[in-house]
Amino acid sequence: MEHDVAGTLGETVIPAPPGVSVRRGPHGLSLHVTEVVSAGDVIYKTHEITIADDGRTYLAYVQVGDEVEDTVITSMHTVRYMGVRTFDIPGCFMNHSCDPRSVSRDVLDPSTGKVIAYEQIATRDLHPGDEITCDYTLFDWDCDGHQFHCHCGSDGCYGFIGGFRSLDPATQQRLQGEIYYEAERMWHHTRT
């Protein structure tokens, strides 16, 4: 579902969904649960915002802890998908982990089959204060312009994060059933 960017980002303070807080930490903004969430449960549900892939930045007023912060949304907060960029707030502030605490699941309109929202699902039990993380390589093909060296510390850490495209072939094969969005679209495109 597309939202009016000017109205959504220009005038409204965007709070975190119930059960989630946005915090400022050593790696910028991050998401944390504020209540117990069991593995497999929905942490939050949100809608994507679609913007042009033209390099513009957007100002958002985001509830961070007890304060409202002016936050600039750049291409680093978005995923390129079929000629546009998409993001959601608060999800664009979620940090990466190679052993993520959550995954995304599309919510489909039962009459049309089109994606109308998505849910962030806990991959393990979470307790108040736990950071909500995701694996960027599962949805981003090449992390266009914001590649980095991961320091998540997990046993299976990929090291360099450059999207699904940058993973070694064995890891790509192992994860191919879990990828979605731009990673899935491009994976299939390169295979045909």
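Looking for something more than 20 Å from Thr12 (Cα to Cα), touching a helix residue (DSSP H, G or I) at 6+ places or on another chain (Cβ under 7 Å) and surrounded by 14 or more Cβ atoms within 10 Å (Cβ to Cβ) - is there at least one such residue anywhere in the stretch 59-79?
Step one: list which residues in the stretch 59-79 are more than 20 Å from Thr12 (Cα to Cα), which gives 75-76, 79.
Of the ones still in play, those that are also touching a helix residue (DSSP H, G or I) at 6+ places or on another chain (Cβ under 7 Å) are 79.
Checking the rest, the ones that are also surrounded by 14 or more Cβ atoms within 10 Å (Cβ to Cβ) come to 79.
Taking every residue of the stretch 59-79 in turn, at least one turns out to be more than 20 Å from Thr12 (Cα to Cα), touching a helix residue (DSSP H, G or I) at 6+ places or on another chain (Cβ under 7 Å) and surrounded by 14 or more Cβ atoms within 10 Å (Cβ to Cβ).
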Check on Thr71, among the polar types (S, T, N, Q) and more than 23 Å from Ala183 (Cα to Cα): yes
Yes/no for Ile161 being aliphatic (A, V, I, L, M), buried (at least 16 other Cβ atoms within 10 Å of the Cβ) and in contact (Cβ under 8 Å) with a residue 40 or more places away in the chain: yes
Test for Asp155: is it at pLDDT 90 or above and either touching a His at 6+ places or on another chain (Cβ under 6 Å) or not assigned by TED's automatic domain parsing to the domain that holds His96 (or both): yes
Test result for Phe93, touching a residue at least 60 places away in the same chain (Cβ under 8 Å) and in contact with a Ser or Thr (Cβ under 7 Å, 6 or more places away or on another chain): yes
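One line per residue, one yes/no per condition, for (1) in a strand (DSSP E or B); (2) in contact with an Asp or Glu (Cβ under 8 Å, 6 or more places away or on another chain); (3) not charged (D, E, K, R):
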site	(1), (2), (3)
Tyr44	yes, yes, yes
Asp54	no, no, no
Tyr61	yes, yes, yes
Met76	no, no, yes
Cys92	no, no, yes
Tyr118	yes, yes, yes
Residue identified as surrounded by fewer than 16 Cβ atoms within 10 Å (Cβ to Cβ), outside the structural domain of Ala183 (by TED's automatic domain parsing), more than 25 Å from Thr123 (Cβ to Cβ) and basic (Lys, Arg) among Arg24, Arg56: Arg56
Unique match (being within 13 Å of the chain's Cα centre (by Cα) and of a type outside the set (Lys, Arg)) among Ile116, Ile121, Ile161: Ile121
Filtered residue count, the stretch 109-153, keeping only those that are of a type outside the set (Phe, Trp, Tyr) and surrounded by 13 or more Cβ atoms within 10 Å (Cβ to Cβ): 27
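The values are calculated or read from the model by the stated rules, or taken from the named source; none is laboratory data. This structure is a prediction, so every number in the text was calculated from the model and none was measured. Every residue, glycine as well, gets a Cβ built from its backbone with ideal geometry; the counts of neighbours run over all protein chains shown.
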